[in-house]
1. Put +1 on the Cβ of every Lys and Arg and -1 on every Asp and Glu Cβ in the range 14-146; which of Leu34, Leu89, Ala49 then has its Cα farthest towards the positive end of the dipole?
2. Sticking with the crude label model, points 7 Å out along Cα→Cβ, report the distance from Asp83 to Ala139 in nm, one decimal please.
3. Mind checking the angle between helix 117-140 and the chain's longest principal axis? C-alpha axes, 0 to 90 degrees, to the nearest 10.
4. For the residue pair Met18 and Ile125, what label-to-label distance in nm results when each label sits 7 Å from Cα along the Cα-to-beta-carbon direction?
5. Can you give the helix-only mean residue ellipticity at 222 nm for the chain, where every DSSP H stretch with n ≥ 4 adds -39500 (n - 2.57) and the sum goes over all residues, rounded to the nearest 500 deg cm²/dmol?
6. Residue by residue, what Karplus-based ³J(HN,Hα) values in Hz, rounded to whole numbers, does the range 84-95 have, using 6.51, -1.76 and 1.60 with θ = phi - 60° and x for Gly and Pro?
7. Alpha carbon centre of the range 1-44 versus the range 78-152: separation in Å?
8. Please list, in order along the range 107-112, the HN-Hα scalar couplings obtained from phi with the Karplus expression 6.51 cos²θ - 1.76 cosθ + 1.60 (θ = phi - 60°), rounded to whole Hz, x for Gly and Pro.
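Every number here is computed from the coordinates shown, using simple stated rules; none is lab data. Not measured: the values here are computed from a predicted model. In this analysis, Cβ positions are derived from the backbone assuming ideal geometry, glycine residues included, and neighbour counts consider all displayed protein chains.
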Amino acid sequence: MEQRINFFAKGQNAMKAMYGLGSYLAKSPVEKKLLNLIYFRVSQINGCAFCLDMHSKDLRVEGETEQRLYVLNAWRDAPLYTDRERAALAWAEAVTKIKEGDVSDEVYHEAIQQFTEEELIDLTIAVNTINSYNRLNIAFRTPAGDYQPGAFAIKA
């Protein structure tokens, strides 16, 4: 698959807004490792090879186990995730797969039990941000495999 446009290089002005979201999220009270887990799961749903490569490598550097990454697609059936992670994963999936204009009350109630209102807003911004990156990478066919852990790290 040949890359269409290197939007990181050619879209610098447009990308400044996206980078601003990353800077904001770097200061979020939501744990960095949890945000990366959400980024990885949403990228699985969307099929973004570049982001899967990136976030799997960043998660491994942060101490995430291979087992948890391997079974993340089936997180509901695996006892490997905390209640907070499960609520975040359910929220991320619901926001990514919005159908008929709704995120269910059940998913919302689970999430609001695990996250403060500020954290849930930040989690939603994170889900929207990774969905946007996924769509850019997929549309412009950003090649996967060469990402070096921490290459896009933003200091909090």
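1. Going by the Cα projections, it comes out as Ala49.
2. Computed distance between label sites Asp83 and Ala139 equals 4.1 nm.
3. 40
4. 1.8
5. Counting only the DSSP helices, I get -20000 deg cm²/dmol.
6. Result, ordered by residue: 5, 5, 4, 5, 5, 5, 4, 4, 4, 5, 5, 5 Hz.
7. Result: 12 Å between the Cα centres.
8. Couplings: 5, 4, 5, 5, 5, 6 Hz.
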